[in-house]
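The values are calculated or read from the model by the stated rules, or taken from the named source; none is laboratory data. All values reported here derive from a predicted model rather than from experimental measurement. Backbone-built Cβ (ideal geometry, glycine too); neighbour counts: all protein chains shown.
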Amino acid sequence: MKFKSIAFVAARQKQAQEALKALKKRYESVPPSRADVIVALGGDGFMLRTLHKYLHRNVPIYGMNRGSVGFMMNEYRPSGLLKRLQRAEPITLHPLRMVATDARGKKHEALAINEVSLLRYTRLAAKLRIKIDGHVRLDEMICDGALVATPAGSTAYNLSANGPIIPLGAELLALTPISAFRPRQWRGALLPSQAKVSFDVLDAKHRPVSAVADDLAVRNVHHVDVIVDPSVAPVLLFDPEHNLEERILREQFVV
């Protein structure tokens, strides 16, 4: 892939800002609004923010790790960037669209690259009813919460909640309980990527729940719908030897 104009963006942390200065000295750059590729310097959290910020620009993003985990980032090396960009392999993601209805009946829409999660925010456990494509599949779950994760997000919060890792090409979603008390043996489900997942919050007045799409939170929700939005398709670029598919596969063999 050949790119004519590069923009650099960086997280606020010192090492990201130092990398930003070094790369701008070495390479010509333009503002993100005029670039045909964006190089993001930071960690996974910064990459998610960058993806959301430029979601509708249809410009590919190449990340270099100047943060902590860096699962969605490439290795940081200031030299040879132009050749790395030419060799980079694209991965197209399709985010989840969340529509959350709060206690006043107001609807809140947001997109999530990784996951949509429902979380209790008082000492009382949440009570959730779960529907798939309009059919009740779990009448009541007493839990800390639940989440729906994309394949790209399956190695994030979903994995820490003991959810399954999903290969990128599997066209599946992970529906994962968070600290379920009842039913205790239910470990979640793998769903077709086109499935519509709906949550009803039971006894919402006494057991309030938040809905979170990546980093956007809506308090005191009563109903939440989650579905993949195929019309939105951000593109990540990865070095061929460290592509996202390989990382997700490798993560399944970590002991």
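Are any of the residues in the range 179-191 modelled with pLDDT of 90 or more, under 23 Å from residue 52 (Cβ atoms), assigned by TED's automatic domain parsing to the domain that holds residue 102 and not basic (Lys, Arg)? Within the range 179-191, none of the residues are modelled with pLDDT of 90 or more, under 23 Å from residue 52 (Cβ atoms), assigned by TED's automatic domain parsing to the domain that holds residue 102 and not basic (Lys, Arg). Residue 33 meets each of the listed conditions (1) under 29 Å from residue 147 (Cβ atoms); (2) modelled with pLDDT under 95 apart from (1). When residue 187 is tested against (1) surrounded by 15 or more Cβ atoms within 10 Å (Cβ to Cβ); (2) closer than 21 Å to residue 120 by Cα, only condition (1) is not met.
Screening residue 48 with (1) outside any strand (DSSP E or B); (2) over 17 Å from the mean Cα position of the chain (by Cα) gives one miss only, at (2).
Tally up the residues in the range 60-98 that are of a type in the set (Val, Ile, Thr), more than 20 Å from residue 46 (Cβ to Cβ) and crowded, with 18+ Cβ neighbours inside 10 Å, please.
0
Looking only at the range 210-255, residues that are within 30 Å of residue 121 (Cα to Cα) and at pLDDT below 95 come to 3 in all. Scanning the range 224-246 for residues that are assigned to a helix (DSSP H, G or I) and touching a Gly at 6+ places or on another chain (Cβ under 8 Å) turns up just one, 245. In the range 49-59, what residues are surrounded by 12 or more Cβ atoms within 10 Å (Cβ to Cβ) and more than 18 Å from residue 114 (Cα to Cα)? Hits for the range 49-59 are 57, 59. The number of residues in the range 98-133 that are on the phi < 0 side of the Ramachandran plot and outside any strand (DSSP E or B) comes to 10. In the range 99-145, the qualifying residues are those that are buried (at least 23 other Cβ atoms within 10 Å of the Cβ) and under 15 Å from the mean Cα position of the chain (by Cα), and the one that is farthest from residue 49 (Cα to Cα) is 118.
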